[in-house]
Each structure stands twice: as C-alpha cells, then as structure tokens.
Amino acid sequence: MTPHNHAKEGDYAEAVLLPGDPLRAKWIAETFFDNPKLVNSVRNCLGYTGTWKGKLISVQASGMGQPSLSIYVHELINTYGAKTLIRVGTCGGLNAKVKVRDVILAQGASTDSAIVKGRFGAFNFAPIADFGLLRSAADKADAKGLKFHAGNMLSSDIFYHADGFAGYDKLPDHGVIGVEMEAAALYTLAARFGVRALTICTMTDCLITHEEIDADARQTSLKDMVELALDVAVDA
C-alpha cells in the first residue's frame, strides 16, 4: 500500500489503463471488464481490475495534470509492478486537419512542464511513446476503421491559457496536433523505469475552429477509443 493507494500486492494487472477522471475509470471497468473488482478508492481516485477478452487488465484514475498522474504512475510501476501503461483521455485540437471524434496516438509529447524540464539540466529530453504499443495501436485502429492521427502532442500545465490559442501558435507550425495535460510525464516516467507507455486520446474540441463534440457523440467516440486501448494493452 501507499499513501495514495490501498490496493494489495497483486491487485493490479501488469497492463493498466489511465483515464484522468475517476468516474471514467468506473465506467470503463463496469462497461468493458468481466468481473471488475474495486482495488483502490483512496481520495476517490478509483482503480479496478478485471478481464478483457479473457486477459487480466486494470484501470486506475490518474487525476488531472502531470503532478497527479506522476504520483499514480510512479506507484503503479514501483509498488504494483505495472509494465504497460496506456493513458486514455480527451484532448483539444491544434491542427484544423484533425477533426472532432478523431483519435490521436501521441507519438511524442512536448511540454511546458518543469516536471520534465527540471530533470535534465542542459538537455531537452524528448518524451516518446513505446514504438511497439504505437505500432499496435495504429494497426488495430486501421483494422477497426477508426480515423486516427499519430504525431506530437502538447502536455500543458495550463488549461485556461491567458493568451488563448495565441499561447500555442508556434506549436502547430512544428507539427503538434493536440493538447492535453498528462502524456509527457507518463512517457518520462516510463523511460526512467524501463516500462512501456502510450497515450491515446479522442479529440473532443478544436482550439482553431471551436468545433465541439456533443455528449452522445463523445460517449460513442470514447467507447471506440477505450476498446482500441484495451486491445493494445492485452496484446502487449
């Protein structure tokens, strides 16, 4: 157990999905898992273990932002033996070619966070996804007929940027296609501890066109994304 998690040793599978929202973790477990078991409820940051297509799988809410995710990921790896971590979330679009409901596979994760910058001194570390997971996700998305984009994501510590889209204007010019708040820390910790990580997001709003997804479409799109992530996780 840890200060943030009262699960026992062996309660988590080696493959863990990481939504930010605790209620989304609950929804994933109750919607997709066979025989889901609640293994953590400290601070209501819910974690469950069950099976998907006959294989053991877990889901653990990470909270919002890189500091919160870093706590749960560090403990999942070092206390509970997680080997494959897949963030499943939503993101904003930074490229007009990316449409709402499209899936983004975060090949890399740029960031404004000191969590990554502060560790490497003069070096600009480039947090990247595990290639095997990325390739598997792309292949499975193709097979499912899902529209997806693989590319550079921004993991920002700022949700309400004081300058609005202008605060990000140099990033789309360099191929950054979406913005969320967790992937860079996830990739950095995975690299540090020698495990595999991937971020898969559904684009739910575009910062350029201001298009937004409605509630019904959001739920359908999230279902497709989670099924994709589960298939990648259990085949890892």
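The values are calculated or read from the model by the stated rules, or taken from the named source; none is laboratory data. The structure displayed is predicted, hence computed values, not measured ones. As a convention, Cβ positions derive from the backbone with ideal geometry for all residues, glycine included, and neighbour counts pool all protein chains shown.
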Filter region 192-236 down to the residues that are within 14 Å of THR84 (Cβ to Cβ) and either assigned to a loop (DSSP other than H, G, I, E, B) or hydroxyl-bearing (Ser, Thr, Tyr) (or both) and list them by number. GLY194, VAL195, THR199, ALA236
Restricting to region 154-173, and then to whatever is assigned to a loop (DSSP other than H, G, I, E, B) and of a type in the set (Phe, Trp, Tyr), can you tell me which residue is farthest from ILE104 (Cα to Cα)? TYR160
Single residue of LEU76, LEU23 found to be modelled with pLDDT of 95 or more and within 26 Å of ASP224 (Cβ to Cβ): LEU76
Considering region 48-79, residues that are more than 16 Å from THR2 (Cα to Cα) and charged (D, E, K, R), and then whichever is surrounded by the most Cβ atoms within 10 Å (Cβ to Cβ), we arrive at LYS55
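Only residues that are assigned to a loop (DSSP other than H, G, I, E, B), in contact (Cβ under 8 Å) with a residue 60 or more places away in the chain and surrounded by 19 or more Cβ atoms within 10 Å (Cβ to Cβ): list them for region 14-45, please. It would help to see each step written out before you state the result.
Start the filter on region 14-45 by keeping residues that are assigned to a loop (DSSP other than H, G, I, E, B), which leaves 14, 19-21, 33, 41, 45.
From what is left, the residues that are in contact (Cβ under 8 Å) with a residue 60 or more places away in the chain are 14, 19-20.
Passing the criteria: PRO19, GLY20.
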